[in-house]
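Right, one structure below, let's go through it.
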Amino acid sequence: MAVMTLGDMNRRLIRAPINPLDKSTVVSILPKQIDEVKHTIQPGRFIIPPGSYDKPALLVVGSSSWWKETDEGQPMLEIPHSSIQIADSIVKDYCNGILACNMGDIMPGLFYVPGSYDVEKLKKEYKKELDEALVRQRNWFSELVKLGDILWARSNGNPLTISEDMRLAANELNLTNKEWLRDVQVMELVRCKACGSLKNPAYPICPTCKAIDNPELAKKLGLVFAS
């Protein structure tokens, strides 16, 4: 196994002068922290605190670089990426692949603008973009709630099918009457007597094997089954 020497480490730390004017601002109205790590560039970790429409969370980023191997004994070749490229990567890498996100009109409220901004200046110059981000995020929240309802019904009330983003979406849309918003710890699962699968004790039928696990509860609920 190759061992990295001190010389190799020092080679990786050589960076060209950074343009102080190359700044972009990533804007988040998502009420949860974003922690994006990109292992191949330096700087490569980007943390954005929870934000909201009224108080967007901002992260001003500069350029980052990665290094390419050159001839032995020579400094590694720096490949710089502008702040616009870095900001675009943060937004796309976080949103791409998230459940119910289509990277269009249904996605988290995350975008970027060129330049360095504070909240007051951003609201003044980019209100339209903030409004559009709010609409996209509400659409995303609505899709997550729909999926939560479907998974809750199909799993016979298994709380493990509900993601934290679904719970966040329901709360943000003030849909606090959702049964699946109850604390997961309160909804302790039990094993089906017929097949051993975990199930919600509030329902008499096992969603896995379809056995009537609790006849007394079924009778209490007035359920009638064909013989």
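The values are calculated or read from the model by the stated rules, or taken from the named source; none is laboratory data. For clarity, every value in this text was computed on a predicted model and none was experimentally measured. Methodologically, a virtual Cβ is constructed for each residue, glycine included, from the backbone with ideal geometry; neighbour enumeration extends over all protein chains shown.
Among the residues of the range 136-152, is there at least one that is within 30 Å of Trp66 (Cβ to Cβ) and either in contact with a Pro (Cβ under 7 Å, 6 or more places away or on another chain) or surrounded by 14 or more Cβ atoms within 10 Å (Cβ to Cβ) (or both)?
Of all residues in the range 136-152, those within 30 Å of Trp66 (Cβ to Cβ) come to none.
No - not one qualifying residue is present in the range 136-152.
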Of all residues in the range 11-67, how many are surrounded by 15 or more Cβ atoms within 10 Å (Cβ to Cβ) and either in a strand (DSSP E or B) or not assigned by TED's automatic domain parsing to the domain that holds Pro114 (or both)? 18
Answer with yes or no whether Thr176 is part of a loop (DSSP other than H, G, I, E, B), among the polar types (S, T, N, Q), over 28 Å from Pro31 (Cβ atoms) and modelled with pLDDT of 80 or more. no
Output for the range 44-63, where each listed residue is more than 16 Å from Ser116 (Cβ to Cβ) and of a type outside the set (Lys, Arg): Gly44, Ile47, Pro49, Pro50, Gly51, Ser52, Tyr53, Asp54
Answer yes if at least one residue in the range 182-194 is within 30 Å of Val135 (Cα to Cα) and of a type in the set (Lys, Arg), and no otherwise. yes
Of the criteria (1) surrounded by fewer than 15 Cβ atoms within 10 Å (Cβ to Cβ); (2) within 22 Å of the chain's Cα centre (by Cα); (3) at pLDDT 95 or above, which one Asp118 fails: (2)
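Here is a yes/no grid of residues against (1) over 30 Å from Ser63 (Cα atoms); (2) among the aliphatic types (A, V, I, L, M); (3) in the same structural domain as Pro50 (by TED's automatic domain parsing):
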| position | (1), (2), (3) |
| --- | --- |
| Pro75 | no, no, yes |
| Ser82 | no, no, yes |
| Val91 | no, yes, yes |
| Pro108 | no, no, yes |
| Lys121 | no, no, yes |
| Leu144 | yes, yes, no |
| Trp152 | yes, no, no |
| Asn177 | yes, no, no |
